[in-house]
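Asks: The following block contains the structure, expressed as structure tokens.
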């Protein structure tokens with residue numbers, strides 16, 4: 001799945017893609033900046049990429065063929081478009097050439113749902129939860145951090161990322177984050193709540209670990225859009 | 001001098017003297033020109049020193065001195081306001097938002113638009129770190145608030161960044177003016193077989209009754 005396109009010289013483009021076997025991977029697409037190729041090489045596009053380089057350490061060149069475009073399906077939906085941009089920005093936190101097959105599968109499911117499935121906002125928030133786990137900042141939503149109970153988990157600690165039951169967390173309710181039920185596989189909960197939780201852990205914990213100052217602007221914009229309703 | 005340079009095979013660097021090398025280097029920075037075509041252009045100019053090179057240099061110096069962004073729309077102007085903003089025949093209730101001056105020129109070539117413009121100077125780009133503050137979006141909001149603007153037409157690129165910008169502007173102008181965007185679809189003279197999937201999808205979504 002194509003993440004970014006940067007014009008290179010007169011007609012070329014530097015592509016960055018999220019691939020099943022090689023994780024985040026970059027290469028130069030000769031002619032990728034041409035008028036013929038530009039409509040095909042929009043972020044989110046599913047591509048068939050063949051990478052060639054003399055040495056493994058080289059940037060190398062791509063031969064890119066479009067499998068399917070997602071741009072046209074989401075361009076008219078400002079929220080879905082913002083989600084795709086946010087996902088592309090967050091995936092750039094992954095180290096280059098490190099495979100993440102499970103996250104790749106989740107990403108394709110999420111990207112296909114954007115703008116198409118009415119429940120896509122919650123699926124997007126759940127994808128960010130999976131991304132956090134892949135980045136090494138997975139939340140512990142199995143049992144209550146205070147009582148060990150597995151039922152009625154309603155809060156999450158913003159410091160430890162561990163779930164807390166409604167009763168046990170009540171005295172600290174103003175300092176805990178509401179845990180949306182759909183994060184536990186249960187029905188109900190708002191996507192905006194989910195984004196608040198994942199946004200907190202991405203921005204306050206994961207970002208610093210990867211040398212970033214807070215959330216990427218595209219992700220911050222997505223949060224603004226959802227907060228505005 | 002022109003013969004001297006012209007006789008060097010391929011115009012190898014360093015053979016034209018410091019000034020000519022500098023000229024070639026600067027010409028090669030222009031879009032569409034590489035080192036080879038820059039060498040050809042430099043030789044062409046040197047061979048037509050009086051008829052082409054001197055007037056060109058003079059014109060470039062004059063344009064560099066006099067042309068500036070229009071205080072209202074951001075297009076190129078030789079006065080505080082550009083010719084379009086200063087023209088009372090242009091509909092001040094219509095503002096067409098474009099990414100760059102070249103897009104404004106394309107719209108003007110069509111002859112189909114009689115309103116005014118607003119040049120953003122780019123589009124929002126997460127990759128290049130271009131946010132709303134780097135563009136002329138606050139100026140646009142001010143123009144719409146202060147003027148009697150009926151409609152803002154977004155003529156931005158049909159790319160992810162272009163549409164992200166369009167949605168952002170639409171949100172900023174909500175309640176201030178009608179906001180529309182250019183349609184997308186089959187170009188005049190275009191054949192479906194040669195169109196990409198995305199354009200066909202967009203065209204199908206925007207189909208209309210006949």
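Quick note: the coordinates plus some simple rules give every number you see, no bench work behind them. Being a predicted model, the structure only gives us computed values, none of them experimental. Positions of Cβ are backbone-derived with ideal geometry, glycine not excepted, and every protein chain shown enters the neighbour counts.
Asks: Can you give the log10 of the normalised intensity I(q)/I(0) at q = 0.18, 0.25, 0.26 Å⁻¹, computed with Debye over equal Cα scatterers of the range A:1-69?
Replies: Normalising to I(0) and taking log10 leaves -0.58, -1.13, -1.22.
Asks: Taking the Cα centre of each part, how many Å lie between the range A:96-139 and the range B:89-132?
Replies: When both Cα centres are located, 36 Å separates them.
Asks: Something else now. Ignoring solvent entirely, what values of log10 I(q)/I(0) come out of the Debye formula for chain B at 0.09, 0.11, 0.17, 0.18 Å⁻¹ when each Cα is a single scatterer?
Replies: Each listed q maps to, in turn, -0.55, -0.75, -1.13, -1.20.
Asks: Residue A:56 to residue B:191: FRET efficiency via 1/(1 + (r/R0)^6), r the Cβ-Cβ distance, R0 45 Å, to the nearest 0.05?
Replies: Approximately 0.55, to the nearest 0.05.
Asks: Something else: Treating the angle as unsigned and between 0 and 90°, give the value, to the nearest 10°, between the Cα long axis of helix B:160-172 and the longest Cα principal axis of chain B.
Replies: 50 degrees
Asks: Which residues in the range B:93-132 have a backbone N closer than 17 Å to a point placed 7 Å from the Cα of residue B:148 along the Cα-to-Cβ line?
Replies: It comes to B:93-95, B:115-116, nothing else.
Asks: Give me the angle, in degrees from 0 to 90, between the Cα long axis of helix A:78-91 and the longest principal axis of the Cα atoms of chain A, rounded to the nearest 10.
Replies: 80 degrees
Asks: Please report the orientation-averaged projected area of the range B:88-151, defined via the convex hull of its C-alpha atoms, in nm².
Replies: In nm², the orientation-averaged hull projection of the range B:88-151 is 4.9.
Asks: On the Cα set of the protein assembly as shown, report Rg and Dmax in Å, please.
Replies: 26.7, 92
Asks: For A:124, B:168, which order do you get if you count the other beta carbons within 10 Å of each Cβ and list the fewest first? The partial results should precede the final answer.
Replies: Numbers: A:124 26, B:168 21.
Ranked by crowding around the Cβ, least crowded first: B:168, A:124.
Asks: So for the pair residue A:46, residue B:207, with labels modelled 7 Å out along Cα→Cβ, what separation do we get in nm?
Replies: Label-label distance for residue A:46 and residue B:207, simple model: 2.4 nm.
Asks: Quote the relative contact order of chain A in percent (integer), defining contacts as alpha-carbon pairs under 8 Å separated by 6+ residues.
Replies: 15 percent
Asks: Next question. What's the FRET efficiency of residue A:133 with residue B:41 using the Cβ-Cβ distance as r and R₀ = 56 Å, to the nearest 0.05?
Replies: Between residue A:133 and residue B:41 the formula returns 0.45.
Asks: Set the Förster radius R0 to 22 Å, insert the Cβ-Cβ distance between residue B:68 and residue B:106 as r into 1/(1 + (r/R0)^6), and round the FRET efficiency to 0.05.
Replies: Numbers: r = 22 Å, r/R0 = 0.99.
Computed FRET efficiency for residue B:68 and residue B:106: 0.50.
Asks: Could you list, bin by bin from short to long, the percent of Cα-Cα pairs of chain A in 10 Å steps?
Replies: Taking all Cα pairs of chain A, the binned fractions are 8, 30, 32, 19, 8, 3, 0 percent.
Asks: Quick one: A:127, B:105, fewest Cβ neighbours within 10 Å first, how do they rank?
Replies: B:105, A:127
Asks: Further question: Among A:147, A:165, what is the fewest-to-most ranking by other Cβ atoms within 10 Å? Show your work: numbers first, answer last.
Replies: Details: A:147 13, A:165 21.
Going from least to most buried by this count: A:147, A:165.
Asks: For chain A, what is the calculated [θ] at 222 nm in deg cm²/dmol (nearest 500), taking -39500 (n - 2.57) for each run of four or more DSSP H residues and dividing by its residue count?
Replies: -9500 deg cm²/dmol
Asks: Going 7 Å from the Cα of residue A:22 toward and past its Cβ, which residues in the range A:52-87 have a backbone nitrogen under 18 Å from where you end up?
Replies: Flagged as within label range: A:52-67.
Asks: Mind checking Rg over Rh on the range A:22-153, alpha carbons, Kirkwood formula for Rh?
Replies: 1.06
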